1. Scan region 70-91 for residues that are within 29 Å of Ile180 (Cα to Cα), out of contact with any Phe, Trp or Tyr (no Cβ under 6 Å at 6 or more places or on another chain) and acidic (Asp, Glu) and jot them down.
2. Filter region 217-262 down to the residues that are assigned to a helix (DSSP H, G or I) and among the basic types (Lys, Arg) and list them by number.
3. Being crowded, with 18+ Cβ neighbours inside 10 Å, within 15 Å of the chain's Cα centre (by Cα) and either aliphatic (A, V, I, L, M) or under 23 Å from Ala57 (Cβ atoms) (or both), is that true of even one residue in region 130-145?
4. Could you please find all residues in region 235-256 being open to solvent by 60 Å² or more (accessible area, probe 1.4 Å) and touching a strand residue (DSSP E or B) at 6+ places or on another chain (Cβ under 8 Å)?
5. Do you know which residues across region 63-94 are assigned to a strand (DSSP E or B) and in contact (Cβ under 8 Å) with a residue 40 or more places away in the chain?
6. Within region 77-100, is there a residue that is among the charged types (D, E, K, R) and in contact with a Cys (Cβ under 9 Å, 6 or more places away or on another chain)?
7. Can you find, within region 261-280, the residue that is farthest from Leu50 (Cα to Cα) among those that are at pLDDT 90 or above and surrounded by fewer than 14 Cβ atoms within 10 Å (Cβ to Cβ)?
8. Restricting to region 152-176, count the residues that are over 16 Å from Lys116 (Cβ atoms), open to solvent by less than 10 Å² (accessible area, probe 1.4 Å) and not in a strand (DSSP E or B).
Amino acid sequence: MSNEWEIVIGLEVHVQLRTRAKVFASSSWGFGKEPNEQVDPVVLGLPGTLPVVNREAVEKAILFGLVVDAEIPDQCAWDRKNYFYPDLPKGYQISQHTAPICKNGFVKIHTSSEKKIQLNRIHIEEDAGKSIHDIDENYSCIDLNRAGVPLVEIVTEPVIHSSEDAFAFLTELRKILRWIDVCDGNMEEGSMRCDANISIRLKGDNQLGKRVEVKNLNSIRNVKRAIDFEFNRLIEITENNQIIHQETRSFDADKNITFALRSKEDAEDYRYFPEPDLPPFIIDEVY
């Protein structure tokens, strides 16, 4: 029965930083522009181009880290995350894997009681472009306006145990981001997107179960709905003695169901290595 089971949730929230330029390039960006209007040679990954770090993006990431009581290391570094997809022109994404800009921290929520949702890390990376599938059924189109937009990825520990707490966390997080003017929080425009990592285990068990990831949830309400659906789906699979597959899923808001996209990648699949075009940077106490 479902009351024998506990859900374990970790959230990954991708937040577009409110900066004037992209994170490693000089082109401006904003929602609602014509497709491929906000691109430049660096964003397109043309030969001979080199990235330059946007200081404003670093400052906004640090500001958020201070607000949530995170640790700000004195040295940070950049890494390449390698994967091939049409909306990623370079064939890799510049991110932070080994030395993120912030570690730990927490966000307080108030549901049945006050809780601290512990954060694992906060790191900066560049956004990818957008694939568009509904213009012509015979083609997929690519809009690269979003490519290179500065993101912080906020990763929680797997310490959330209900869809209500996930809802409260995202609501509080959006309030904080808007208050300090780091992000406008408009999920319908993609400024804030959430991935939910979900697993189940018997109550009292300390071992984490096999997880599934539901990607690119575009409203706080849909995060709650997707978690509730997955909780029931995983219980049904387990109680029928079937196997839970570690996979990436998407949420169909009209049908209120999730569906499989692909098998879930692990860190080694991305072949991370230090970004050769960007040196590590120092954040001193005076700064």
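The values are calculated or read from the model by the stated rules, or taken from the named source; none is laboratory data. This structure is a prediction, so every number in the text was calculated from the model and none was measured. Cβ: placed from backbone, ideal geometry, glycine included. Neighbour counts: every protein chain shown. With ligands, DNA and RNA removed, areas are computed over all heavy atoms of the protein, side chains included. Shrake-Rupley method; radii C 1.70, N 1.55, O 1.52, S 1.80 Å.
1. Within region 70-91, Glu71, Asp74 qualify.
2. Kept after step one, since they are assigned to a helix (DSSP H, G or I), are these residues of region 217-262: 220-239.
Result: Arg221, Lys224, Arg225, Arg233.
3. No: zero hits.
4. His245, Gln246
5. The initial filter retains those residues of region 63-94 that are assigned to a strand (DSSP E or B), namely 71, 75-76, 79-82, 92-94.
Once the filter is applied, which keeps residues that are assigned to a strand (DSSP E or B) and in contact (Cβ under 8 Å) with a residue 40 or more places away in the chain, region 63-94 yields Gln75, Cys76, Asp79, Arg80, Lys81, Asn82, Ile94.
6. If we filter region 77-100 for residues that are among the charged types (D, E, K, R), which is where we start, we get 79-81, 87, 90.
Then drop every residue that is not in contact with a Cys (Cβ under 9 Å, 6 or more places away or on another chain), which leaves none.
Within region 77-100, none of the residues are among the charged types (D, E, K, R) and in contact with a Cys (Cβ under 9 Å, 6 or more places away or on another chain).
7. First pass over region 261-280, keeping only residues at pLDDT 90 or above: 271-280.
Checking which are surrounded by fewer than 14 Cβ atoms within 10 Å (Cβ to Cβ) leaves us with 271, 273, 276-277, 279-280.
Details: Arg271: 21, Phe273: 17, Pro276: 10, Asp277: 7, Pro279: 12, Pro280: 15 Å.
Ranking the qualifying residues of region 261-280, first place goes to Arg271.
8. Matching residues across region 152-176 total 1.
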